[in-house]
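Bear in mind that the values in this text are calculations on the coordinates, not laboratory data. All values reported here derive from a predicted model rather than from experimental measurement. Don't worry about glycine lacking a Cβ; one is built from the backbone with ideal geometry, like all the others, and counts go over all protein chains shown.
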Amino acid sequence: MKRDLLFELGMYVICVILVAALWRKPTLLMFCYVLISVILFAKWHTKSDFLFYVVAFILGPLAEFVAVHFGAWEYSRPFYFIPLWLPFVWGISALFMKNISETLLEIRKK
């Protein structure tokens, strides 16, 4: 369980570092997040994992699209209001929240 938590937190740190380092190169950043998504699906591949990812992949960017369209904020390098990589970050974030919380609950049980 602790090994799972280290993997999860390590992938989280990598995602944060990537966006900090590559936000000026949105296509490259998107491909990095696609690769991370593949890695995460190799580890987490239940129906609920897939559903969490897809729902967040669609609904998160949709909400941001609406907010940006109406002027709540803006991105410095958008593709069409939002960056190319944003849907992947939403999907990855949903997987992180689901699986990190499950790992923490398992650790707490022991």
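Tabulated results
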read-out	value
Test: residue in the range 89-109 that is out of contact with any helix residue (DSSP H, G or I) (no Cβ under 9 Å at 6 or more places or on another chain), not in a helix (DSSP H, G or I) and not hydrophobic (A, V, I, L, M, F, W, C)	no
Qualifying positions in the range 80-110 - basic (Lys, Arg) and in contact (Cβ under 8 Å) with a residue 60 or more places away in the chain	110
Residue check, residue 48 closer than 24 Å to residue 4 by Cα, in a helix (DSSP H, G or I) and touching a Lys or Arg at 6+ places or on another chain (Cβ under 8 Å)	yes
Filter result (over 14 Å from the mean Cα position of the chain (by Cα), within 17 Å of residue 101 (Cβ to Cβ) and surrounded by 13 or more Cβ atoms within 10 Å (Cβ to Cβ)) within the range 2-43	4, 5, 7, 43
Hits in the range 16-36 (condition: of a type outside the set (A, V, I, L, M) and touching a helix residue (DSSP H, G or I) at 6+ places or on another chain (Cβ under 6 Å))	32, 33
Every pair of residues 6+ apart whose Cβ atoms lie under 7 Å, when the first sits in the range 58-79 and is on the phi > 0 side of the Ramachandran plot while the second is part of a helix (DSSP H, G or I) and aliphatic (A, V, I, L, M)	none
Residue 24, sole failed condition from (1) of a type in the set (D, E, K, R); (2) out of contact with any strand residue (DSSP E or B) (no Cβ under 7 Å at 6 or more places or on another chain); (3) farther than 22 Å from residue 107 by Cα; (4) not in a loop (DSSP other than H, G, I, E, B)	(4)
